[in-house]
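Below is one structure, written out as structure tokens, with a few remarks after it.
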Amino acid sequence: MPIITLTTDFGYKDHFVGAIKGTIYKELGDPKIVDISHSIAPFNIQECAYILKNSYKNFPDGSIHIVGVDSELSPENQHIAVFADNHYFIMANNGVIGLITSEIVPEKVVEIQLPNSVDGAFPVLDVFVKVACHIARGGKLEVIGRDFKALKDLRNVKPRLSDDGATLYGSVIYIDNYGNIVTNIEQSDFLLHGKGKKFQLLVRNKVIKQIHRKYGEIVDYEQDKEKRKTPGDLLALFNTAGYLEIAIYKSDLNTVGGASTLLGLDYRDTIVINFE
């Protein structure tokens with residue numbers, strides 16, 4: 001039986017996650033359920049896409065991913081099931097799937113139309129779970145919906161290049177558990193537009209002129225200890241997902257602080273790279 005994953009903004013205080021899992025167990029008997037995250041910031045589409053995009057590929061082909069973020073049905077937020085990159089995604093048409101599959105053409109997309117479906121306040125339970133269980137039993141997407149072509153495309157969240165090509169404007173899309181800032185500037189964007197030029201990365205009143213391969217690379221062990229960079233120093237790197245990240249070396253939000261708190265940056269705030 002394929003793995004079913006859950007990614008939501010429900011948190012753990014309420015009954016929602018328990019109700020979803022209980023219903024899946026009742027329907028399938030002994031399924032494999034994996035929580036990717038239930039701590040997505042409420043209705044934060046880009047954060048949801050970032051986390052799911054960088055986790056689903058680690059699951060086996062055929063895995064089923066239920067996405068419970070901004071999932072209430074409306075004429076502009078249809079319920080969809082998508083087969084892409086050999087994975088199934090069940091969610092609302094809110095832009096998440098477009099961000100996840102920005103470099104992949106989905107093989108099949110259907111608008112979910114279940115008979116006697118409940119149009120209520122808990123569509124993840126009333127609709128998405130039923131679709132996931134249908135797929136887990138070997139059911140086809142054609143049975144639960146009709147072909148759908150109008151996937152929402154959130155182009156406004158992509159980096160923007162100035163007309164003269166000298167400046168790349170990005171924005172904060174995610175802040176991790178350490179307070180590190182992940183931007184929407186991918187390494188491919190940087191290499192394409194930078195073309196090996198020198199650059200200045202402007203973050204609030206800070207200027208960064210070097211991008212590291214890993215966090216610890218900021219420390220020059222050839223220097224005397226008193227001259228080395230230490231926990232609390234600012235750095236930039238391309239993280240394992242390939243996104244430009246602004247970090248504090250060995251950050252701790254309870255002690256030295258994190259990049260987000262020390263720089264006063266939050267979701268959608270602007271990051272600027274000037275190429276020289």
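The values are calculated or read from the model by the stated rules, or taken from the named source; none is laboratory data. None of these values were measured; they are calculated from a predicted model. Reconstructed Cβ throughout: ideal geometry from the backbone, glycine too, with neighbour counts over all protein chains shown.
For the stretch 223-236, indicate whether the set of residues that are of a type in the set (Asp, Glu) and within 25 Å of Asn54 (Cα to Cα) is non-empty. No, every residue in the stretch 223-236 fails to be of a type in the set (Asp, Glu) and within 25 Å of Asn54 (Cα to Cα).
Please go through the stretch 45-55 and pick out each residue that is hydroxyl-bearing (Ser, Thr, Tyr) and surrounded by 20 or more Cβ atoms within 10 Å (Cβ to Cβ).
Within the stretch 45-55, just Tyr50 meets the criteria.
Among the numbered conditions (1) under 20 Å from Val256 (Cα atoms); (2) surrounded by 11 or more Cβ atoms within 10 Å (Cβ to Cβ); (3) within 27 Å of the chain's Cα centre (by Cα); (4) among the polar types (S, T, N, Q), the only one that Thr230 does not meet is (3). Scanning the stretch 245-273 for residues that are part of a strand (DSSP E or B) and touching a Leu at 6+ places or on another chain (Cβ under 8 Å), we see that the one that is surrounded by the fewest Cβ atoms within 10 Å (Cβ to Cβ) is Val272. Where strands (runs of 3 or more DSSP E) fall wholly inside the stretch 61-119, the ranges with 3 or more residues that are β-branched (Val, Ile, Thr) and touching a residue at least 24 places away in the same chain (Cβ under 8 Å) are 64-68, 108-112.
For the stretch 123-152, residues that are closer than 17 Å to Gln78 by Cβ and in a loop (DSSP other than H, G, I, E, B) total 5. Residues of the stretch 15-43 that are within 22 Å of the chain's Cα centre (by Cα) and of a type in the set (Asp, Glu): Asp35 alone. Can you find a residue that is in a strand (DSSP E or B), surrounded by 13 or more Cβ atoms within 10 Å (Cβ to Cβ) and touching a residue at least 60 places away in the same chain (Cβ under 8 Å) anywhere in the stretch 33-44? No, the stretch 33-44 has no match at all.
Among the conditions (1) more than 26 Å from Tyr174 (Cα to Cα); (2) out of contact with any Leu (no Cβ under 8 Å at 6 or more places or on another chain); (3) surrounded by 13 or more Cβ atoms within 10 Å (Cβ to Cβ); (4) aliphatic (A, V, I, L, M), Ala121 misses just one, which is (3).
For first residues located in the stretch 245-263 and without any contact (Cβ under 8 Å) to a residue 60 or more places away in the chain and within 14 Å of Asp233 (Cβ to Cβ), partners that are in a loop (DSSP other than H, G, I, E, B) and among the hydrophobic types (A, V, I, L, M, F, W, C) and lie 6+ apart or on another chain with Cβ distances below 8 Å form the pairs Tyr249/Val219; Lys250/Val256.
For (1) among the acidic types (Asp, Glu); (2) modelled with pLDDT of 95 or more; (3) in the same structural domain as Phe16 (by TED's automatic domain parsing); (4) touching a Lys or Arg at 6+ places or on another chain (Cβ under 9 Å), each residue gets a yes or a no:
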position	(1), (2), (3), (4)
Lys32	no, yes, yes, no
Leu52	no, yes, yes, no
Ala81	no, yes, yes, yes
His87	no, yes, yes, yes
Gly95	no, no, yes, yes
Val105	no, no, yes, no
